[in-house]
Amino acid sequence: MFIGEYNFSMDAKGRIAIPVKFRCALGKEFVVTKGLDNCLAVYTKEEWTKIAERVSSLPTSQANSRAFSRLMLGGAMDVRLDSQGRIVLPDYLRQYAGISKKVVIAGLYSRLEIWDEEKWSAYKKQTEKNSNDIAEQLTVLGV
């Protein structure tokens, strides 16, 4: 289970450290892909296999299914921890998420999200402002 919020800086080579408490659960190799809300999503190989199977089974006859498959599957990259617990974020993923230097890694139970620090701050502020409305809407789902 991944929980918590951690701040890091990306170096000039596009490397970021993965929080120590997440490294064991992630393993040496895992997947980073384009996430929703212009963040990056990080999955263990096991979790990624489940997601990829579901996404790849979406009907290709529907434009939204094709678009989502391209975002998630086409945007994915296998990454490997180096000896210092860092990964290299490919340029296309950094551009997608607007990451330039400072990043936030947020643990969201079965995945991590990597955000540009300023975008995370703005997103979090907006979400916290609307938290009561969001909670009311989730009540319908039994949350």
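Considering every alpha-carbon pair of the stretch 1-43, the percent of pairs per 5 Å bin, from zero through the bin containing the longest distance, is 5, 16, 26, 33, 17, 2, 0.
Report relative contact order for the chain in percent, whole number only (criteria: Cα-Cα under 8 Å, sequence separation at least 6).
The normalised contact order for the chain reaches 35 percent.
Please work out how much length the chain gains when fully extended from Leu73 to Gln126, using 0.36 nm per residue of separation minus the C-alpha to C-alpha distance, in nm with one decimal. Show your work: numbers first, answer last.
Numbers: separation 53, 0.36 × 53 = 19.08 nm, distance 2.87 nm.
So the chain would gain 16.2 nm between Leu73 and Gln126.
Within a straight-line Cα-Cα reach of under 16 Å, Lys129 can be paired with the following lysines, leaving aside sequence neighbours fewer than 8 residues apart in one chain: Lys119. Rounded to the nearest 20, the size of the Cβ-charge dipole of the stretch 1-138 about its Cα centre is 320 debye, with Lys and Arg at +1 and Asp and Glu at -1. Here is the P(r) of the chain: all C-alpha pair distances, binned every 5 Å from 0, give 2, 9, 18, 20, 19, 16, 11, 5, 1, 0 in whole percents. The relative contact order of the stretch 14-84 comes to 38 percent, based on Cα pairs under 8 Å that sit 6 or more residues apart.
Each peptide in 108-115, 9-16 gets a packing score, the mean of other Cβ atoms within 10 Å over its residues, and the list from highest to lowest is 108-115, 9-16.
Each value in this text was obtained by applying a stated rule to the coordinates, not by laboratory testing. Computed from a predicted model, the values in this text were never measured in an experiment. As a convention, Cβ positions derive from the backbone with ideal geometry for all residues, glycine included, and neighbour counts pool all protein chains shown.
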